[in-house]
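Read through the structure below, which is laid out as structure tokens, and then see the notes.
The values are calculated or read from the model by the stated rules, or taken from the named source; none is laboratory data. This is a predicted model, so every value here is computed, not measured. All Cβ positions, even for glycine, are placed from backbone atoms using ideal geometry, and neighbour counts span all protein chains on display. Surface areas here come from the heavy atoms of the whole protein model, side chains and all, with no ligands, DNA or RNA. Shrake-Rupley method; radii C 1.70, N 1.55, O 1.52, S 1.80 Å.
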Amino acid sequence: ASPSQMHNHANVKASELLRLTPAGGQSYGTAMHAMLEQVGFIDEGLPDHDALHRAGASSGATGIDIDQAVDALQKALQQPGAQKLLQRDDADALWRERRFMVRMDDRLIAGSFDRVHLWHRNGKPIRALLIDYKTDRVDDTTIDAVVSRYADQLRMYRQALSVMLGLDPSAIQTKLYFVGDDRVIAVG
């Protein structure tokens, strides 16, 4: 099972399954995720335009203007939501685009965490912040429905991280970050 596909329970056309290149929005999201992978703790500096461009260009994204995507990301990273969310805040470890595979109940769950901030004490994790990036455009009238679409995915990610770290799920915060709108939404 893949948590990132949990929000899409609709029927899928065979032509979509066999598509060799991602659709426009998916391609943009792929490039944006590759560029966001270059971002460490934001209060310790940002990657430059060239590094972001290389990451976006090498992501396999097609049909988008990488320079425009870089510019959009650089603007987003200057916004208050990103500035607060992506800072160190005393975390002592950072995972970016970290793949995982864990057994939960009778299923094998595989996926990739976009970003995880970790705090340890005596070498053992004591809490975590799991951040999932979204490139969907939202506004005040659509945000609740969009967050609802992703809630199960985030709960599954939290459970997988809990298993991996041996942490109670209550010690793991989960947040969606809507990059284009600089919205940070906690998901319970």
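Quick notes on this structure:
- Search result, residues across segment 46-69 that are among the β-branched types (V, I, T), in a loop (DSSP other than H, G, I, E, B) and under 12 Å from M35 (Cβ atoms): I64
- Test: A34 is of a type in the set (A, V, I, L, M), at pLDDT 95 or above and in a helix (DSSP H, G or I): yes
- Any hit, segment 61-76, residues being modelled with pLDDT of 95 or more, out of contact with any strand residue (DSSP E or B) (no Cβ under 8 Å at 6 or more places or on another chain) and open to solvent by 80 Å² or more (accessible area, probe 1.4 Å): yes
- Residue in segment 166-180 that is among the small types (G, A, S), out of contact with any strand residue (DSSP E or B) (no Cβ under 6 Å at 6 or more places or on another chain) and outside any helix (DSSP H, G or I) present: yes
- Scanning segment 126-157 for residues that are surrounded by 16 or more Cβ atoms within 10 Å (Cβ to Cβ) and of a type in the set (A, V, I, L, M, F, W, C) yields A128, L129, L130, I131, V138, I143, V146, V147, A151, L154, M156.
- Taken over segment 158-169, residues that are free of Cβ contacts under 8 Å to residues at least 40 places away in the same chain and open to solvent by 20 Å² or more (accessible area, probe 1.4 Å) amount to 3.
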